[in-house]
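Could you have a look at this structure, given as structure tokens, before my questions?
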Amino acid sequence: MARPEKIRLGDLLIQQGLLTDEQLKFALDEQKRSGRKLGRIVVESSFVTEEGISQALAKQLRISFVDLKNFNPKPEFIRLLPEAQARRFRAIVLDESGGKLRIGFVDPTDLQAYDELARILRRELDLAVVTETQLLALIDRVYRRTEEISGLAKELTAELGDVPVEFGDLLGVTAGAEEAPVVKLLQTVFEEAMRTRASDIHIEPQEQALRIRFRIDGVLHIQTEADAKIASAMALRLKLMSGLDISEKRLPQDGRFAIKVRNNPVDVRISTMPTQYGESVVMRLLNQSTGLLGLDRLNMPARVLDRLRNCVRRPSGMVLVTGPTGSGKTTTLYAALAELNSTEKKIITVEDPVEYRLPGINQVQVHEKIDLSFERVLRSALRQDPDIVLVGEMRDQTTAEIGMRAAITGHMVLSTLHTNDVIATPIRLLDMGVPRYMVALSLQMVLAQRLVRVVCENCTEPYAPAPHEREWLRFELGDKVDAQRYAKGAGCAHCGGSGYQGRTGVYEMLEMTNELVEAINSDDTGAFVQAARQQMAGDTLRRDAVRLVVQGRTTIDEAMRISNQFED
């Protein structure tokens with residue numbers, strides 16, 4: 001394609017009927033006042049969509065418009081252009097045809113960018129138009145910073161050398177802290193973790209290397225491996241950031257700190273633990289800019305959602321959400337709190353730690369070192385005249401008894417418990433030493449949940465189940481197994497080659513009816529289990545996982561994986 005010609009965007013949009021004279025005048029005046037680009041102004045003013053502008057440019061220049069949402073880029077082409085240039089020129093290499101590289105440009109009339117890319121790539125260019133929002137999202141997904149992280153780790157290794165050093169300068173406690181090698185390394189690690197939607201960062205010293213792993217959609221992935229000698233510098237810097245004791249390396253420590261990653265506030269929970277080769281550090285990332293999900297966005301079956309809403313709106317009682325660590329229990333409870341939050345209700349939470357911040361709610365952080373325990377805070381909270389109390393976890397008999405006594409005496413209590421399924425939950429409370437009458441009188445509902453990975457929409461394809469998968473499905477689907485369509489992700493740049501992007505919940509519910517109350521009050525645990533199974537009528541976590549498989553939202557392998565967590 002020949003070198004593009006410069007086009008006046010305002011005239012083009014007027015010519016194609018996408019903008020009126022009055023709207024253009026307003027946008028031009030705003031451009032003079034603010035100095036922003038005309039295209040951004042008309043989009044933010046809702047005069048024209050980004051897609052509308054891009055398609056208008058493509059039509060005028062007689063080139064193609066590429067919708068990057070439905071485009072599966074190939075890494076070998078994308079990496080021809082360094083990330084810095086891709087962001088600077090708002091362009092990306094899409095593919096190759098007839099010896100020409102096809103470049104997706106936000107502004108294909110930018111002559112300087114065209115000339116510079118032709119010089120960098122040393123190839124003949126064929127242009128296409130893409131939207132800026134889709135381009136930046138794609139750049140975030142496909143450019144991995146593994147090489148940059150490895151390079152920074154080597155730089156830190158070189159700074160440390162082979163002899164003991166004073167860590168003051170390296171840790172950033174002196175002037176120019178932002179230039180300290182360990183600071184730059186950690187900053188890059190946090191940025192990459194947020195870009196890949198990681199929920200946790202694991203920094204693990206091994207005998208010969210330091211391994212950094214990210215947990216993405218519930219599964220750990222190796223990000224990089226570096227020289228083992230930098231492990232102590234990273235651990236010390238993170239301890240400084242979280243206010244932990246940097247002289248104590250023999251005992252586990254827990255803390256938290258807040259950072260900004262690309263202007264997004266992130267709360268970080270940190271846990272250190274001494275291992276054979278140094279201190280292992282795990283950080284949970286809580287992105288405060290994403291906001292809370294509502295109950296209607298948690299993918300609950302309609303009957304479960306209706307019953308949960310009904311139970312939490314009762315004036316008193318206890319609702320428990322159960323499941324292993326990382327199964328989304330806190331997210332569900334906060335979604336319920338967000339619906340209950342009003343000026344007429346006093347809500348107090350007792351947590352360790354406070355994971356989400358909600359306006360209008362009194363949130364208390366447990367602090368065991370100063371004897372601010374769950375038990376102590378909960379007793380004080382009940383003297384504050386609350387309507388609703390959220391207890392982070394029923395972790396012992398005393399906490400459970402105080403919470404249940406509150407539920408009996410006119411408070412709605414929400415909490416979590418670590419059990420495999422809903423039927424095991426009341427029995428677990430009895431095993432903890434809670435009196436039967438308290439369980440029977442206070443417990444209103446138990447909700448068990450797991451998180452399954454969702455098939456990537458950009459690379460989904462039909463899937464034929466293996467024989468063992470068909471047999472597993474037959475327990476729920478019977479003879480309808482072969483009548484269903486199944487899906488899996490082939491792996492693409494959008495999902496990092498995993499075939500999955502994001503997670504969603506699967507649920508089961510048990511509501512304490514009069515029959516179940518009588519059964520739990522008796523000494524016959526088997527009678528309670530039998531009555532509970534009859535009430536649930538097979539609506540288990542496994543059945544809900546199969547529901548998502550049939551809908552094509554998750555894979556059979558993923559449903560089997562989470563089902564094995566609670567099945568014998």
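The values are calculated or read from the model by the stated rules, or taken from the named source; none is laboratory data. Model, not experiment: these values are computed from the prediction. Positions of Cβ are backbone-derived with ideal geometry, glycine not excepted, and every protein chain shown enters the neighbour counts. Please note that ligands, DNA and RNA were not included when accessible areas were found on the heavy atoms of the full protein model with its side chains. Shrake-Rupley method; radii C 1.70, N 1.55, O 1.52, S 1.80 Å.
For every helix of n ≥ 4 consecutive DSSP H residues, a contribution of -39,500 (n - 2.57) applies; sum these over the chain, divide by its total residues, and give [θ] at 222 nm rounded to the nearest 500 deg cm²/dmol.
My calculation for the chain gives -11500 deg cm²/dmol from helical runs alone.
Give the aspartates and glutamates whose C-alpha is closer than 12 Å to that of Lys74, dropping any in the same chain fewer than 8 places away, or say none.
Partners found: Asp95, Glu96.
Students often get this wrong, so check it: of Lys229/Lys260; Lys329/Lys488; Lys260/Lys488, which have C-alpha atoms separated by over 31 Å?
Lys260/Lys488
Just grab the label-to-label distance for Gln276 and Arg357, each label 7 Å out from Cα along the Cβ direction, in nm (one decimal).
With each label placed 7 Å out from Cα toward Cβ, I get 4.3 nm.
Give the distance, in whole Å, between the Cα centre of the stretch 490-519 and the Cα centre of the stretch 199-272.
Each part's Cα centre sits 29 Å from the other's.
Still on this model: For helix 302-312, what angle does its Cα long axis make with the longest principal axis of the chain, in degrees from 0 to 90 and rounded to 10?
60
Taking Rh as the Kirkwood radius, which is the inverse of the mean 1/r over Cα pairs, what is the Rg/Rh value for the stretch 1-146?
Rg/Rh for the stretch 1-146 comes to 0.98.
Right, something else. So for each of 535-545, 57-67, 13-23, 30-40 I average, over its residues, the number of other beta carbons within 10 Å; can you give me the resulting order with the highest mean first?
Ranking, from highest mean packing down: 535-545, 57-67, 13-23, 30-40.
Here's a follow-up. Lys345: which aspartates and glutamates have alpha carbons under 17 Å from its alpha carbon, excluding same-chain residues fewer than 8 sequence positions away?
Of all the aspartates and glutamates, those that pass the test against Lys345 - Cα under 17 Å, at least 8 places apart if same chain - are Asp385, Asp387.
For the stretch 524-566, evaluate the Debye formula with one uniform point scatterer on each Cα (no solvent term) and list log10 I(q)/I(0) at q = 0.16, 0.23, 0.24, 0.34 Å⁻¹, rounded to two decimals.
These q points yield log10 I(q)/I(0) values of -0.51, -0.75, -0.78, -1.07.
Here is a further query. For the stretch 180-258, run through the GluC sites (Glu not before Pro) and keep only the ones in DSSP coil with at most 10 other Cβ atoms within 10 Å of their Cβ.
Glu207
Right, next: Would you mind getting the accessible area per residue of the chain, heavy atoms of the protein chains only, 1.4 Å probe, in Å²?
Working: 27380 Å² over 568 residues.
That works out to 48 Å² for each residue.
Residues in the stretch 412-428 near a label at Thr525, defined as backbone nitrogen under 20 Å from the 7 Å Cα→Cβ point?
417-428
To the nearest 10 degrees, how steeply does helix 525-536 sit against the main Cα axis of the chain, on a 0 to 90 scale?
It works out to around 40 degrees.
Check cross-link reach from Lys32 to the lysines: straight Cα distance under 26 Å, and skip same-chain residues fewer than eight apart.
Lys6
I would also like to ask the following. Could you tell me how many cubic angstrom of Cα convex hull volume the chain has per residue?
Here the figure is 220 Å³ per residue.
Using a 1.4 Å probe on the protein heavy atoms, what percent of the accessible area of the chain belongs to carbon and sulfur?
On the chain, the fraction of accessible area on carbon and sulfur atoms equals 47 percent.
How big is the accessible area of Asp227 in square angstrom, nearest 10, if you roll a 1.4 angstrom probe over the protein chains?
Spelled out: Asp227, probe radius 1.4 Å, area about 60 Å².
Label Arg303 and Ala464 with points 7 Å out from Cα along Cα→Cβ: what is the distance between them in nm?
Going from the Arg303 label point to the Ala464 one covers 3.5 nm.
On a full-extension model of 0.36 nm per residue, what is the gain between Thr188 and Ala537, subtracting their alpha-carbon distance, rounded to one decimal in nm?
Details: separation 349, 0.36 × 349 = 125.64 nm, distance 5.04 nm.
Between Thr188 and Ala537, full extension yields 120.6 nm more.
For Leu473, tell me the accessible area in Å² from a 1.4 Å probe, rounded to the nearest 10.
Here the residue's solvent-accessible area equals roughly 0 Å².
What full-extension length gain, to one decimal in nm, is calculated for Lys69 and Gln365 as 0.36 nm per residue of separation minus the Cα-Cα distance? Working shown, then result.
Numbers: separation 296, 0.36 × 296 = 106.56 nm, distance 4.16 nm.
Stretched fully, the Lys69-Gln365 segment lengthens by 102.4 nm.
Which pairs, out of Lys346/Lys369; Lys25/Lys59; Lys239/Lys369, put more than 26 Å between their alpha-carbon atoms?
Going by Cα-Cα distance, Lys346/Lys369 fall outside the 26 Å limit.
For His418 and Ala258, calculate 0.36 nm times their separation in residues minus their Cα-Cα distance, and state this gained length in nm to one decimal.
On the way: separation 160, 0.36 × 160 = 57.60 nm, distance 2.78 nm.
Stretched out fully, the His418 to Ala258 stretch lengthens by 54.8 nm.
Can you compute the modelled spin-label distance between Asp387 and Ala118, with each label point 7 Å from Cα toward Cβ, in nm?
6.9
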